[in-house]
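In what follows, a single structure is set out as structure tokens and then discussed.
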Amino acid sequence: MAERPRFAILGSGRGSNAAVLMDCFLRGDFAAELAVVLCNVANAPILNEARRRGISAIVVEERGGSRADQEQRLADALSSYEVEHLLLAGYMRLLSPSFVERFAGVILNIHPSLLPDFPGMTAVADQWHAGVKVTGATVHIVDAGVDAGPVLLTGSLVVSGDEGVEGLAKRILTEVEHVIYPRAVQLLLHRLARKKPLHQEAARAVRPHQAESLRQAESVHE
Ligand code: GRF
């Protein structure tokens, strides 16, 4: 039997997306192994989320502010755990072009907007203040840009007029992100099983109304 793909989750903070993904791995929802959770912030809640589930969690901090050194230690940890795929889940540090190149096409990220609209750290507040009527979240393949790279899956929701930035952020997180990230991992695994690595595919921009049909098409055409 072929070996199952090995994943790491990389985050910096709360770890709610990471927790959802960890539970999927533990339940056996994915034909894949979660090897380790990596975090660049000491004592971040994501570490406990992993450890209380019995998953290895290690801190790879930026000592003295050198990103190159930190990324080398990150790459060393990934290779010691024999990880091939990386799931960013609230990793609040831009990965350098050389790191992204080293792991080209195998890093996924989730972002709380319908990319390419509203990239960046303040995406939810920016959308609220811009008065957007429909928003959501995007899982995309990471390239060297900020919240850029081919879109794998999106999910959308209608903004309610009185929920405010906090309410909107909470709904995007729980109603969209926690639902689409596991589905995006399934989609990635599905493509890997068909020996179609993501970096060899053209970017497929999936708009909200297309997301479900893509999912169906993926299952029908296998
Ligand atoms: C999420 O909103 C995610 O889209 C963004 O950072 C946040 C992380 O939240 N990249 P959590 O740590 O998964 O709870």
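The values are calculated or read from the model by the stated rules, or taken from the named source; none is laboratory data. Quantities reported herein were computed from a predicted structural model and do not represent experimental measurements. Backbone-built Cβ (ideal geometry, glycine too); neighbour counts: all protein chains shown.
With respect to the numbered conditions (1) within 15 Å of the ligand (Cβ to nearest atom); (2) crowded, with 18+ Cβ neighbours inside 10 Å; (3) outside any loop (DSSP other than H, G, I, E, B), which one is the sole condition not fulfilled by Gly149?
Failed condition: (3).
Has segment 133-144 got at least one residue that is at pLDDT 95 or above and small (Gly, Ala, Ser)?
The answer is yes; a qualifying residue exists.
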